[in-house]
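Notes follow the structure.
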Amino acid sequence: MCYTAAKVSRGEPLFDGIPLADAKPGKVLYLTAEDGIADTIKQRLRVCGANMKNIFTVATSTTLHFDDPEIAQLMDDCKPDLMIFDPMQSYMGAEVDMNAANKTREKLNNLVVLAEKHNTAMVAVCHFNKNSKGAGITRVLGSTDITGICRSYIAIGNVPGENGTKFMSHEKSSLSAPGQTILFEIQPDQGGIFYEGTNRLTLDDYTAMAIRRKGDSRPAIEAAKQFLVDQMPEGRRPAKEIQTLAAAQGISTGTLQRARKDLGIVTQKTNEFRSKSIWVLPGHLDDVPEQATFNFA
């Protein structure tokens with residue numbers, strides 16, 4: 001959301017040239033009860049290149065509710081093109097049952113009126129519930145009426161098996177055809193968000209992939225453990241040789257490392273072999289030369 005807010009503040013296209021509806025700098029009203037404004041949100045906005053003159057917030061926003069008159073007053077004063085509530089449940093009010101459709105609809109209807117009045121795009125950031133087997137539209141924490149009242153529902157998560165890569169899938173679109181799923185990385189030290197391409201996978205697809213990987217991981221690790229024992233008949237072997245053999249057997253680096261950790265194998269730095277590192281099984285530590293050093297990580 002900091003990346004999106006930054007792009008709106010500068011009137012720049014998103015990701016790989018996706019244009020804004022009005023390609024000119026706009027104002028953003030960012031309300032958050034999740035992260036600190038000074039130590040987190042401002043830093044993320046700056047990393048993403050935001051025009052900070054067009055970003056507005058409220059220091060006491062954690063006490064606001066969707067139907068507070070102060071919300072309407074803030075919009076009258078700021079006239080934002082984009083307004084963000086992060087996370088949504090913080091602005092519902094403690095007395096509201098998030099699972100009750102009649103209660104959430106009553107609160108959210110106030111936002112609908114204000115959005116139409118000010119021609120403002122409103123984003124409510126939500127967390128997922130724990131129902132990983134449910135359809136994507138039912139995964140938002142609280143009543144399904146929350147996604148029902150929204151014109152667009154976008155899911156963001158980690159791509160299973162891809163370190164650092166995240167997906168952003170368009171799960172619901174009431175006004176047009178859903179957009180493609182966008183792949184990206186968050187790299188705070190190198191400028192924020194990096195676009196990696198698109199596909200047509202959905203939240204349901206990625207959830208199924210994650211469940212399948214979780215179910216398959218244990219047998220793969222057990223097979224890798226047996227491979228390590230078989231390839232170390234003397235209790236130790238150059239790490240480079242083992243890694244090369246594992247790759248030839250189709251054992252991933254992650255699986256190999258998890259199997260090594262399970263077996264308690266340590267890394268020894270030595271000049272005994274041409275390789276600078278060897279892996280040693282716990283029962284063979286006494287066979288190691290005195291000058292050896294170990295890495296248990």
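The values are calculated or read from the model by the stated rules, or taken from the named source; none is laboratory data. All values derive from a computational prediction rather than experimental measurement. Please note: Cβ atoms are built from the backbone with ideal geometry, for glycine as well, and neighbour counts cover all protein chains shown. When the accessible area is computed, the model is the full protein with side chains, heavy atoms only, and any ligands, DNA or RNA have been set aside. Shrake-Rupley method; radii C 1.70, N 1.55, O 1.52, S 1.80 Å.
Side notes on the structure shown:
- Meets criteria (closer than 30 Å to Gln249 by Cα, in a helix (DSSP H, G or I), open to solvent by 40 Å² or more (accessible area, probe 1.4 Å) and touching a residue at least 40 places away in the same chain (Cβ under 8 Å)) for Ile211: yes
- Within region 1-53, the set of residues being among the small types (Gly, Ala, Ser) and out of contact with any Cys (no Cβ under 6 Å at 6 or more places or on another chain) comprises Ala5, Ser9, Gly11, Gly17, Ala21, Ala23, Gly26, Ala33, Gly36, Ala38, Gly49, Ala50.
- Within region 1-12, residues that are free of Cβ contacts under 8 Å to residues at least 40 places away in the same chain have Cβ atoms under 6 Å from residues that are open to solvent by 30 Å² or more (accessible area, probe 1.4 Å) and not aliphatic (A, V, I, L, M) in these pairs: Gly11/Lys24; Gly11/Pro25, counting only partners at least 6 apart in sequence or on another chain.
Residues are listed down the side, and each one gets a yes or a no for (1) touching a residue at least 40 places away in the same chain (Cβ under 8 Å); (2) in contact with a His (Cβ under 8 Å, 6 or more places away or on another chain):
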site	(1), (2)
Thr165	no, no
Ala177	no, no
Gln187	no, no
Gly191	yes, no
Tyr195	yes, no
Ala224	no, no
Glu234	yes, yes
Arg237	yes, no
Thr244	no, no
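- Looking only at region 221-247, and only at residues there that are open to solvent by less than 20 Å² (accessible area, probe 1.4 Å) and small (Gly, Ala, Ser), the one that is farthest from Arg258 (Cα to Cα): Gly235
- Annotation: of all residues in region 102-130 being within 28 Å of the chain's Cα centre (by Cα) and open to solvent by 70 Å² or more (accessible area, probe 1.4 Å), the one that is farthest from Leu20 (Cα to Cα) is Lys130.
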